[in-house]
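Beneath this line is the structure, given in C-alpha cells, with notes to follow.
The values are calculated or read from the model by the stated rules, or taken from the named source; none is laboratory data. Since the structure is predicted, the reported quantities are computational estimates derived from the model, not experimental observations. FYI the Cβ positions are ideal-geometry reconstructions off the backbone, even for glycines, and counts take in every protein chain you see.
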Amino acid sequence: MTSGTSPLEFNAAKYSQGELCIEQMPLSKIADSVGTPAYVYSKSYLTEQYQLLTNALAQTPHRIHYSVKANSNLAILALFKSLGAGFDIVSAGELSRVLAVGGDPESVIFSGVGKSTEEINFALKAGIGCFNVESRSELLRIMAQAELLGRIANVAIRVNPNVDAKTHPYIATGLKENKFGVTKDEALALYLLAAEHPAINLTGIDCHIGSQINEAEPLLQALTSVLELRDALERHGIELEHIDIGGGFGVRYQDESPLDIEAWGASVGQILGGRDLQLRIEPGRFLTANAGVLLTRVEYLKASDEPENKNFAVVDAAMNDLLRPSLYQAWHEVLPVRQSSDAQTLEWDIVGPICESGDFLAKQRSLALAEEDLVAVLSIGAYGAVLASNYNTRGRAPEVLVDGSEFKVVRRRETIQDQLRLELEQADH
C-alpha cells in the first residue's frame, strides 16, 4: 500500500468502533447468522459506483450495459436494472439470468467469441438488442439462423483496434494476437456483407481492449480508431446508431492509480461531440469489485520457530471461493474483522484447506491473528462468486446483500445434497 493510502478509502468495508462493517452491518453478525465463508456486498456502494459513471457521461447520450460476468447474482442484476442499466452477456445462461429479473431483452448486448447455434436462436427468439459479432463465421451463422427463424438480428461488429491496454496479459483483449474481434479491414468487409442481408440490421460498432485499465489514453485511442471505421462506413452508405467501447475501467486493489472517470468522460464527450451517435459502455468490475468482501474464519495457525520459514494461517475459504490470487497472482487486501487483538503480529500466508499448493488467498501479510478469528478478504465483488467451483466437493458459499443496517441472503449456502442431486438422479436409473 502506498504511503498514506488505506484500502478502506476505496472499499465498501469500514471500521466502526473497532469492528469491520459493510454499511451499518457488523460482519461478525453476518458470520454468526450465515456462517463462513460468505460473500458480502454493499447495496449503497453498487449504487454509488453506477451513479459515478452516469454523472461522468451526463453530457453524452449513452447507455450503460452492466457486464453480467463480473457478478451475476440475481439481486445485483435486479439492482442495476432498477437504476436503468442494460446488460452485456456472454452466454445463454447469463441471458436467462437477465430475463429472470425482468430485464428487457432489448437492453441486452450479446458478446463473446463462441456463441453456439442454440444460444443464437435463444437470443433471437428473446429479441435481444444487439449481437456483438466477433468473426465472419459467426456473422454467417447469425444470418442463417435469423433467416430460418424469420427474425431480424441487430448486429455490431467487434473491431480489434490493436491497442495495448497496458494490463495483465490474461485480461488484455485489444491486441492483434488476442482471440477477440476482427481487424478494421475485416470489419469493413463484414459490414458490407451484412448490409446486403435482409435478416440483418446493422445498428452499431463495438470494441473492448481489456480489463483493469487505469489510463484513459488507450481507451480514447481505441474510441478514435473505431470512429475512423464508422466514418468509412458512412461513406459506403452504412449508418450506425451506436458505438460500444466496452468496459475495463480500472479499480484499486492495492496501490494502483485508478482511472479518472470524470476526466475520461469529459474526453469522450469532446471526441463524440456533435455526432448523432449513442455511446454504449459495458462496465463490470468498476461497479462491483470493491463493493464486496469474502468473510472467512481462521481454522489453524502454523507458526514457525525458524525466522526463514513461513507462517501459515489456514482459513475456511479457499481457491474454489476466490480463484483470482491463484489464477492471476492477484492482490486482495486482508483485514481482521475486529481490530483489537492480543495476538502477536507476524507475517502470514493466508491459505485454504484445498489440497493444492496453489490454494492461497494472500501471501506475506502482517497481521495479529488467533485461531477462530474472523478476517475479511476485500475487493471480491467482481470475479469472486462467479468463478467459484466445487473443487474438493466443497459447497459454494452464500451471498449476502447489505442495505444499511439490514442484510439479506441473496444466494443460500450450497449443500452436499445440491451437489449430489444431478449424479444421484442418473444413478437411480
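Residue by residue, here is whether (1) surrounded by fewer than 20 Cβ atoms within 10 Å (Cβ to Cβ); (2) closer than 23 Å to Asp231 by Cα; (3) acidic (Asp, Glu) holds:
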{"residue": "Ile243", "(1), (2), (3)": "no, yes, no"}
{"residue": "Gly248", "(1), (2), (3)": "no, no, no"}
{"residue": "Gln254", "(1), (2), (3)": "yes, no, no"}
{"residue": "Arg280", "(1), (2), (3)": "no, yes, no"}
{"residue": "Ala289", "(1), (2), (3)": "no, no, no"}
Exercise. Does at least one position in the range 62-85 carry a residue that is of a type in the set (Ser, Thr, Tyr), assigned by TED's automatic domain parsing to the domain that holds Ser267 and either at pLDDT below 95 or more than 27 Å from Val133 (Cβ to Cβ) (or both)?
Worked result: yes
Seminar exercise, completed: Quick count over the range 47-61, residues being under 24 Å from Ile128 (Cα atoms), under 20 Å from the mean Cα position of the chain (by Cα) and not aliphatic (A, V, I, L, M), is 2
For this session: Scan the range 371-390 and give yes if some residue there is more than 27 Å from Phe312 (Cα to Cα) and in contact with a strand residue (DSSP E or B) (Cβ under 6 Å, 6 or more places away or on another chain), otherwise no.
Result: no
Problem set entry | Residue match in the range 377-391 (condition: polar (S, T, N, Q) and surrounded by 19 or more Cβ atoms within 10 Å (Cβ to Cβ)) | yes
For this session: Would you check if Leu190 is assigned to a loop (DSSP other than H, G, I, E, B), buried (at least 18 other Cβ atoms within 10 Å of the Cβ), modelled with pLDDT of 95 or more and among the hydrophobic types (A, V, I, L, M, F, W, C)?
Result: no
Seminar exercise, completed: Out of (1) buried (at least 22 other Cβ atoms within 10 Å of the Cβ); (2) farther than 22 Å from Leu79 by Cβ; (3) of a type in the set (Gly, Ala, Ser); (4) under 22 Å from the mean Cα position of the chain (by Cα), the one Ser111 does not meet is (2)
Exercise. Which one is farthest from Ala146 (Cα to Cα) among residues in the range 110-124 that are touching a strand residue (DSSP E or B) at 6+ places or on another chain (Cβ under 9 Å) and not in a loop (DSSP other than H, G, I, E, B)?
Worked result: Phe110
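Before we move on, is Phe131 modelled with pLDDT of 95 or more, assigned by TED's automatic domain parsing to the domain that holds Gly248 and within 20 Å of Glu239 (Cα to Cα)?
yes
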Seminar exercise, completed: Within the range 291-304, restricting to residues that are surrounded by 24 or more Cβ atoms within 10 Å (Cβ to Cβ) and touching a helix residue (DSSP H, G or I) at 6+ places or on another chain (Cβ under 8 Å), the one that is nearest to Ala382 (Cα to Cα) is Ala291
For this session: Among the residues of the range 129-158, write down those that are surrounded by 21 or more Cβ atoms within 10 Å (Cβ to Cβ), of a type in the set (Val, Ile, Thr) and more than 19 Å from Arg230 (Cα to Cα).
Result: Ile142
For this session: Could you check Gln339 against (1) more than 24 Å from Gln254 (Cα to Cα); (2) at pLDDT below 95 and say which number it fails?
Result: (1)
Exercise. Is there any pair with a first residue in the range 196-221 that is closer than 24 Å to Asn121 by Cα and a second that is in a helix (DSSP H, G or I) and of a type in the set (Asp, Glu) whose Cβ atoms are under 7 Å apart and which are 6 or more apart or on different chains, and what are they?
Worked result: Ala199/Glu147
Exercise. For Pro336, which of the numbered conditions (1) within 20 Å of the chain's Cα centre (by Cα); (2) under 14 Å from Thr296 (Cα atoms) fails to hold?
Worked result: (1)
Exercise. Mind checking which pairs have a first residue in the range 342-367 that is farther than 14 Å from Pro325 by Cα and a second that is among the basic types (Lys, Arg) and not in a strand (DSSP E or B), Cβ under 6 Å, 6 or more apart or different chains?
Worked result: none
